[in-house]
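Please read the structure below before turning to the comments.
The values are calculated or read from the model by the stated rules, or taken from the named source; none is laboratory data. Bear in mind the structure is a predicted one, so any value in this text is a computation, not a measurement. Virtual Cβ from ideal backbone geometry, glycine too; neighbours counted across all protein chains shown. Just so you know, the surface numbers come from the protein's heavy atoms only, side chains and all, with ligands and any DNA or RNA stripped out. Shrake-Rupley method; radii C 1.70, N 1.55, O 1.52, S 1.80 Å.
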Amino acid sequence: MIELKSAGEIDAMREAGRVVAAVHAAVRDQAAVGVTLRRLDEVARTVIEEAGAGASFLGYHPSFGATPYPGAICTSVNGTMLHGLPTAYRLRDGDLLSVDCGAIVDGWHADGTVSFTVGTPRAEDLKLIQVAEETLAAGIRAAVPGGRMGDIGHAMSTVGRGAGYGMQNDFAGHGIGRAMHETPFVPNEARAGRGLRLRPGLVIAIEPSLMAGGGDDYYMAEDGWSVCSGDGSRSVHVEHTVAVTADGPVVLTLP
């Protein structure tokens, strides 16, 4: 069942969104050559704890996960597109890192992802990040009352595929609220004018991921969590929690 949120409930989710944004800022500040992914997870846990919030991901165990998730954030490096575990891996110069975070405040979740480079950036990585952010922005702009869910996926795939990047549509967006993952499914790619009618009060996580090699294939790593590009090409993931309102889309995971 799809649950529409009241204005007050959306405000409550905004508080969780601020925690997510604070985690992103702190992790970006600490992500440097030689720093381990595990250390970044510790930074995230500290921010969440000091905010009086909870870590949505910690202990989460969906059907595709090999084990309950062991971290507060997902740290996906280079060819890992989604759900990378915060391990003892030490960041290297030029690494491409995506940081996915979920936070819960007073029973309400928010979910967001940022991607950035560590150390000396590669021009092709900066372009990949830029297009991913433009892809997400296009999806957000389409999240308006009276539109259709397919409009969001169509807007995103037009930008991402138009730039020559690969996209996958199995791990995509979702409803969010009292639970981190709620209905409806929010596709990364879809036909315009199709799907659920968008109504004020719908809150969704919109989260495109792009693969630089141009292919759509991916595989699950041996750790049972990491989703990797099939051709080994570098990948990015970006995400915001967005409320559909009578005045247009409102992003809840900004500072």
### Task
Give the residue that is nearest to VAL27 (Cα to Cα), with candidates limited to residues of the range 116-140 that are over 17 Å from the mean Cα position of the chain (by Cα) and open to solvent by 10 Å² or more (accessible area, probe 1.4 Å).
GLY119
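Could you check, for the range 94-111, whether at least one of its residues is outside any strand (DSSP E or B), under 22 Å from MET211 (Cβ atoms) and acidic (Asp, Glu)? Show your work before the answer.
Initial filter on the range 94-111 (outside any strand (DSSP E or B)): 94-95, 106-107.
So of that shortlist, the ones also under 22 Å from MET211 (Cβ atoms) come out as 94-95.
Checking the rest, the ones that are also acidic (Asp, Glu) come to 95.
Yes - at least one qualifying residue is present in the range 94-111.
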### ASP170, sole failed condition from (1) open to solvent by 10 Å² or more (accessible area, probe 1.4 Å); (2) in contact with a Phe, Trp or Tyr (Cβ under 9 Å, 6 or more places away or on another chain); (3) in contact (Cβ under 8 Å) with a residue 60 or more places away in the chain; (4) assigned to a loop (DSSP other than H, G, I, E, B)
(3)
### Task
Could you tell me whether the range 59-75 includes any residue that is open to solvent by less than 70 Å² (accessible area, probe 1.4 Å), closer than 22 Å to GLN130 by Cβ and touching a residue at least 12 places away in the same chain (Cβ under 8 Å)?
yes
### Query
Just checking, how many residues over the range 217-232 are small (Gly, Ala, Ser), open to solvent by 20 Å² or more (accessible area, probe 1.4 Å) and touching a residue at least 40 places away in the same chain (Cβ under 8 Å)?
2
### Query
Quick check, is THR113 buried (at least 23 other Cβ atoms within 10 Å of the Cβ) and under 18 Å from ALA26 (Cα atoms)?
yes
